[in-house]
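The values are calculated or read from the model by the stated rules, or taken from the named source; none is laboratory data. This structure is a prediction, so every number in the text was calculated from the model and none was measured. Ideal geometry is used to build each Cβ from the backbone, glycine not excepted, and the neighbour counts take in all protein chains shown.
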Ligand SMILES: [Mg+2]
């Protein structure tokens, strides 16, 4: 695939680098080759970089701990998680009491942001990557959904890649609830382009000066295309060349084997 690698040299001109995490920079707790060196090179060359994840299984604090354990130099300023636009929506619309389908770690973040959590009398249901899901919680959510309560999700990825294979993600839980209540939530994480555009506005960089790296066509690549930024699909996660060839609308600008291919254009 050397011809593919050759063409990515134009990415040298970009000012902002958005990186998806699962499947792009690491799998589980294992960083891909070249990641540390690439981040170091970007830093030295004065480039801005942001870590993006739809994975709302952890709070922002826990995510920072995980990324810094992997030596990724993450801060609150350069991490964008799907719960961030979701929390911002809840606050803007004055929701206080939330039924959160999410892990303990995320629940702590919501409480820290001032929300009250309730499974019996909430104003809205928020679906996240709930790995502590129980049948009892699904039952309560199903009853409320049938009563017409507002329903939103941090993200709707179908599955999450891990070292041993895929595991069900928020999209899988939403599909399960759909079978019962016939409702789907409004989504705030990827592929919602605002996840990139709000940051570009904040740092005053034009979309054409940014690039999005990701392993998934229907979230990472779609979001980049919708936001008008350059997209680069890595084949180290969910997507195969065959899937890209088959896709009608989600065609990345570049395709690379993995993030390690980018390192050579910066060294
Ligand atoms: Mg990914």
Residue that is surrounded by fewer than 16 Cβ atoms within 10 Å (Cβ to Cβ) and over 14 Å from residue 19 (Cα atoms), where the choices are 265, 244: 265
Qualifying residue in the stretch 188-195 (condition: free of Cβ contacts under 8 Å to residues at least 60 places away in the same chain and more than 16 Å from the ligand (Cβ to nearest atom)): yes
Strands (runs of 3 or more DSSP E) completely within the stretch 142-182 that count 2 or more residues being under 17 Å from the mean Cα position of the chain (by Cα), more than 16 Å from the ligand (Cβ to nearest atom) and in the same structural domain as residue 127 (by TED's automatic domain parsing): 151-153
Residue under evaluation residue 9, criteria (1) buried (at least 16 other Cβ atoms within 10 Å of the Cβ); (2) touching a helix residue (DSSP H, G or I) at 6+ places or on another chain (Cβ under 8 Å), criterion not met: (1)
Residue satisfying all of: in the stretch 84-128; more than 21 Å from the chain's Cα centre (by Cα) and part of a helix (DSSP H, G or I); surrounded by the most Cβ atoms within 10 Å (Cβ to Cβ) among these: 111
Close pairs from the stretch 196-219: first more than 22 Å from residue 250 (Cα to Cα), partner within 16 Å of the ligand (Cβ to nearest atom), Cβ under 7 Å, at least 6 apart: 199/50; 199/80
Identity of the residue in the stretch 19-45, in contact with a strand residue (DSSP E or B) (Cβ under 9 Å, 6 or more places away or on another chain) and either without any contact (Cβ under 8 Å) to a residue 60 or more places away in the chain or part of a loop (DSSP other than H, G, I, E, B) (or both), that ends up nearest to the ligand (Cβ to nearest atom): 23
Subset of the stretch 149-175 [free of Cβ contacts under 8 Å to residues at least 60 places away in the same chain, in contact with a helix residue (DSSP H, G or I) (Cβ under 7 Å, 6 or more places away or on another chain) and farther than 17 Å from residue 222 by Cβ]: 151
Residue 189 vs. criteria crowded, with 22+ Cβ neighbours inside 10 Å, on the phi < 0 side of the Ramachandran plot and in a helix (DSSP H, G or I): no
Residue in the stretch 4-11 that is at pLDDT below 95 and within 24 Å of residue 189 (Cβ to Cβ) present: no
Sole residue being within 16 Å of the ligand (Cβ to nearest atom), within 25 Å of residue 63 (Cβ to Cβ), modelled with pLDDT of 95 or more and in contact with a helix residue (DSSP H, G or I) (Cβ under 9 Å, 6 or more places away or on another chain), chosen from 129, 110: 129
